[in-house]
Amino acid sequence: MTAKPLAVLPVMARPPARSAAGDWGLWDAPKRIFTPRVLYGLLLAFGLCVLAGEAYAQFGGQPRLGVLATMQKWLPLILFGPPGEIGGFTLNILVSFLTMAIGTVTGVVLGVMQVSQGLIVRRIAWAVTQFFRNSPWLVLLFFAILLLPYRIQLPGGFVVPFPDWIKAVVGLALPIMGNISEVTRGAINSIPTGQWESSESLAFSRAQTFRLIILPQCLKRMLPPWMNWYAILTMATTLISIVGVSDSMTLTQQALAAEGGRGELLIPMYLLLLLLFFIYCYPIARWTQVLERRFAIIT
Amino acid sequence: MESLAEWLRSLYTDYGINLVQFYDEFERARLLRGMWITIKLSVVSIAASIVIGIIGAWLQTSNYRVLRSVTQGYIQFFRNTPPLVQMYFFYFALSPLLPRVATDYGTQQPLLSSFAWAAISLSFFAGAFNVEIFRSGIEAVPRTMTEAASALGYTQMQVYRYVVFPLALRIVIPALTNNVVNLLKTTTLAYAIAVPETLFMASQIWSDRVNVLEMMITLFVFYIGLVGLLVWAMDRWEKSLRIPGYGQ
């Protein structure tokens, strides 16, 4: 005979509410994020611009590909890059994954160092965090691109090449590291001190308390801001076009140049790129909001 | 002053530390001009984005569904697309739609400069966040306040102006500080459309004088100093607005 626990731990979040509106299952998400209203809004905005472009093209007189057909022609390039290499929007996503991985690991370490018991470690971690949080992303990116070597000579005669896009990953990981460090510190500090005290009274060592009690509770609190930073990072990956990596931004501009300065293409093509990012980032933002609401602490 | 320049010059000849941007008249003028443009761009965009935020938050309380939907669409669009692409969109796609004007010496130039487009796009970008910030501030004002005010005979507009907004402003300042700091850092994107701001000028100097590391450090010091100044100013503002006994 086992009785169900009446309540979860007081510090934990509210149990998932299965209200009349229903809870979000994983597969409900697409339906709820791209509600008819959002979809119509997107289609309307996009359609208007394409129509305006088509109408404008008619005045040109010369027979040439319509706006929609031109966009269809370039879309594969913008999405996947030139055949045989990684580029375009795929590269943006790849860079965002790698950067987030590096930034998260280093950021969490730095964040834990910020609550270390050693005064010097704490001070240094704080200074590093503040430095990378408060510097402009583009300056950090230039810093990495211009000052990292293009290859590293290892002692055994090995040469590790450092192509531009890897350097860009490092450059973008720096601000992410600073911000994730701050997120980690905030999460650790938000755990009530009672948790530390009671685990000490249960004879856990500090490291054990940290690993077994504090961090698992932190993970849940860190997830929404972490996802928020991922969305911000994905949008920031377009910065790598400035330093000469052929991401979706660069390829869009090259496609426009290849079309020879057709004025009616400008708005639809840039809008297409904006929409690509919107379609990728908007669900993340919505999902973050849902998680934030679900993990909110009852006060 | 002269001896400082002398010392900086000796740093270069003796140790190879090239701080040419501080002692060379021409480079110093370039860098200072860039810094001035950055400050101007920040101030203009911060002011405009706050105005957009206040208007947007007000529109969100509107009785017309269309107005609310449009505001919501604006917020979601600008929050979930890259600011750099937004800037390109404004500068390369929208700018050609405007008429060109003749200059005094007979050539044509665009109606709005790249500085103006950078300011517009940055304001819309940060404004989208500000709308949300102000909305949350307005929602945080207790309902009893508005009820009490309307019981005292205030009209809806007066309630907003004399009760809700002053209280909401005090609630939102910390969030607003975060956003304007972010905006200040985002002004570096104007580099991409050739606005001669600090990063742009710095990149010209390091191309001419090959002192990338020294210029980078100068840039970091400048931007972190500027962020520090902004945070300090916002903090002062928050303290000066504080109502004794309310909150905290």
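The values are calculated or read from the model by the stated rules, or taken from the named source; none is laboratory data. Just so you know, these numbers come straight off a predicted model, no measurement behind them. Heads up, the Cβs are rebuilt from the backbone with ideal geometry, glycines too, and the neighbour counts pull from every protein chain shown. The protein model used for the area step is the full one, side chains on, heavy atoms only, and it has no ligands, DNA or RNA in it. Shrake-Rupley method; radii C 1.70, N 1.55, O 1.52, S 1.80 Å.
Worth a mention:
- Heavy-atom accessible area, 1.4 Å probe, ligands and nucleic acids excluded: residues of segment B:168-195 down by at least 20 Å² from chain alone: B:185, B:188, B:189, B:191
- Estimated from the Cβ-Cβ distance and a Förster radius of 45 angstrom, the FRET efficiency linking residue A:211 and residue B:68 is about 0.40.
- Per-residue mean of C-beta atoms belonging to partner chains within 10 Å, peptide B:89-100: 3
- The label point for residue A:97 and the one for residue A:123, both projected 7 Å from the Cα toward the Cβ, are 4.2 nm apart.
- Cα gyration tensor shape for chain B, rounded if a/c is under 1.5, else prolate or oblate: oblate
- Here is what passes the span test in chain B: the DSSP H helices with alpha carbon length of 15 Å or more along the helix axis and a Kyte-Doolittle mean of -0.5 or above are B:25-60, B:65-79, B:114-140, B:165-186, B:198-209, B:212-241.
- Heavy-atom accessible surface of the protein assembly as shown: percent carbon and sulfur, 1.4 Å: 67
- Computed with a 1.4 Å probe on the full set of protein chains, the accessible area for residue B:181 sits at about 20 Å².
- Comparing the full protein assembly with the isolated chain, the residues of segment B:53-80 losing at least 20 square angstrom of accessible surface (1.4 Å probe) are B:65, B:69, B:76, B:77, B:79, B:80.
- Extension gain, residue B:36 to residue B:144: 0.36 nm times the residue separation minus the Cα-Cα distance gives 34.2 nm.
- Cα→Cβ-extended label distance, 7 Å offset, between residue B:204 and residue A:190, nm: 4.6
- Between residue A:146 and residue A:164, residue separation times 0.36 nm minus the direct Cα-Cα distance comes to 5.5 nm.
- Residue B:24 accessible area, 1.4 Å probe, all protein chains in place, Å² to nearest 10: 40
- Alpha carbon centroid spacing (whole Å) that separates segment A:118-155 from segment B:50-113: 35
- Loop chymotrypsin sites (Phe, Trp or Tyr not before Pro), segment A:135-236, which have at most 12 other Cβ atoms in a 10 Å radius of their Cβ (DSSP): A:150, A:158
- Extension gain, residue B:111 to residue B:61: 0.36 nm times the residue separation minus the Cα-Cα distance gives 14.5 nm.
- Figure note: A:113, A:222 ranked by solvent-accessible area, largest first, 1.4 Å probe, ligands and nucleic acids not counted: A:113, A:222.
- Legend: residues A:235, B:35, sorted from most to least accessible area (1.4 Å probe; ligands, DNA and RNA excluded), read B:35, A:235.
- Rolling a 1.4 Å probe across the protein heavy atoms gives segment A:116-219 an accessible surface of 52 Å² per residue.
- In this assembly, the A-B interface accounts for approximately 3200 Å² of buried accessible surface in total, computed with a 1.4 Å probe and without ligands, DNA or RNA.
- With the convex hull drawn over the C-alpha atoms of the protein assembly as shown, the volume per residue is 268 Å³.
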